[in-house]
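The values are calculated or read from the model by the stated rules, or taken from the named source; none is laboratory data. Fair warning: this is a prediction, and the values are worked out from it, not measured in the lab. Counting neighbours? That spans all protein chains shown, and the Cβs are built from the backbone with ideal geometry, glycine included.
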Amino acid sequence: MAMTTVAVLGLGLMGSGMARRLLAAGFDVAVWNRSAAKTAPFADTPARVAGSPAEAAAGAAIVIAMLADDDVSRSVWAGEGGALAAMAPGAIAIESSTLTGEWIAELAAAAAARGVDLLEAPVTGSRDQAATGALRFLVGGEAAVLERARPALAAMGSTIVHLGPVGSGAVVKLANNFLCGVQVACLAEAVALFERRGLDAEQAVSILTEGAPGSPLVKAVSRRMLDRAYDPHFLPLLMAKDLGYAAQTMAAAGIETAIAPAARRRFIEAAAAGEGEKDMAAIVEPLRP
């Protein structure tokens, strides 16, 4: 089966950029999204807009999903009108959403029952990396399947890391987002502290960004907080979901974390305060004086 026909399920901040990268690389692309409004920008492209996951997946050699959570993924792959039932034996299902290892294992079994090969390939990077093809794919699955899918992944990302069997990608991605979410929550509290004490926030934050805490994430998000620039790169409730999944994953490994739930609470509080459709940097707003 030639790996040139690809379906993309989910056209949010990430999936839309990924689909456009595939189109630019010359792939034959079908797209689907739960809300039709997000398919509208693809009307003037060569992409085929499908009415259901099954319609998008029919005839596709590779089906890639970028979805919100376990429940949505389960519905899109295995629910009524789901993609798996329409996929031919030998096709490849690629799940790039940030999900739990438990659901990934179930999905792998369901795919195998249909003769479909599964790769989990969650990503690091956000909206801008998806748009420019600079994502990093964290792949779990068989090496031979990855090699068949590599051209499509390479069209969307700059780095492809094979971590091991199915389930490996979910663990590393959740650990990655756990660290990111904790950093952003801590940063929001630090910025609020500077402002409440009447300090020059620009000057005080520069001590953080130019010193040991100055990770690339802290540098980027602190700028958004100071400028109140909340054009979304990553939504607060998605980070809250990821922190919840990370806590579940650590608990299953015998690690009790008090940090993930505390950070998660900041993102939930921000969404409840009206910041839910803004960038995650907006979690600082409810803390400001």
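Okay, here's what the table says:
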read-out: Test result for Val284, touching a Ser or Thr at 6+ places or on another chain (Cβ under 7 Å), farther than 24 Å from Pro122 by Cα and part of a helix (DSSP H, G or I); value: no
read-out: Selection count where residues are closer than 17 Å to Ala19 by Cα and buried (at least 17 other Cβ atoms within 10 Å of the Cβ), scope region 155-164; value: 3
read-out: Selection count where residues are small (Gly, Ala, Ser) and touching a Ser or Thr at 6+ places or on another chain (Cβ under 7 Å), scope region 83-105; value: 2
read-out: Selection count where residues are farther than 19 Å from Ala190 by Cα and aromatic (Phe, Trp, Tyr), scope region 225-271; value: 2
read-out: Residue within region 197-214 that is within 11 Å of Ala281 (Cα to Cα) and either touching a strand residue (DSSP E or B) at 6+ places or on another chain (Cβ under 7 Å) or among the polar types (S, T, N, Q) (or both) present; value: no
read-out: Residue check, Gly181 touching a strand residue (DSSP E or B) at 6+ places or on another chain (Cβ under 8 Å) and crowded, with 20+ Cβ neighbours inside 10 Å; value: no
read-out: Check on Gly79, within 30 Å of Ala252 (Cα to Cα) and either surrounded by fewer than 22 Cβ atoms within 10 Å (Cβ to Cβ) or touching a strand residue (DSSP E or B) at 6+ places or on another chain (Cβ under 9 Å) (or both); value: yes
read-out: Subset of region 263-281 [part of a helix (DSSP H, G or I) and of a type outside the set (Gly, Ala, Ser)]; value: Arg264, Arg265, Arg266, Phe267, Ile268, Glu269, Glu275, Met280
read-out: Region 197-251 - residue that is touching a Leu at 6+ places or on another chain (Cβ under 9 Å), among the aliphatic types (A, V, I, L, M) and not in a helix (DSSP H, G or I) and, of those, surrounded by the most Cβ atoms within 10 Å (Cβ to Cβ); value: Leu235
read-out: Number of the condition not met by Val31 [criteria: (1) closer than 30 Å to Asn176 by Cα; (2) more than 21 Å from the chain's Cα centre (by Cα); (3) of a type in the set (Val, Ile, Thr)]; value: (2)
read-out: So Ala152, is it under 30 Å from Phe27 (Cβ atoms), crowded, with 21+ Cβ neighbours inside 10 Å and of a type outside the set (S, T, N, Q); value: yes
read-out: Tally, over region 16-31, of residues that are without any contact (Cβ under 8 Å) to a residue 60 or more places away in the chain and closer than 21 Å to Leu235 by Cα; value: 1
read-out: From Pro122, Pro89, residue being modelled with pLDDT of 95 or more and either in the same structural domain as Ala281 (by TED's automatic domain parsing) or surrounded by fewer than 16 Cβ atoms within 10 Å (Cβ to Cβ) (or both); value: Pro89
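Rundown of residues vs (1) touching a residue at least 12 places away in the same chain (Cβ under 8 Å); (2) over 29 Å from Ser16 (Cβ atoms); (3) among the charged types (D, E, K, R), yes/no style:
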site: Asp200; (1), (2), (3): no, yes, yes
site: Ser222; (1), (2), (3): yes, no, no
site: Leu235; (1), (2), (3): yes, no, no
site: Met239; (1), (2), (3): yes, no, no
site: Ala247; (1), (2), (3): yes, yes, no
site: Ile259; (1), (2), (3): yes, yes, no
site: Phe267; (1), (2), (3): yes, no, no
site: Met280; (1), (2), (3): yes, no, no
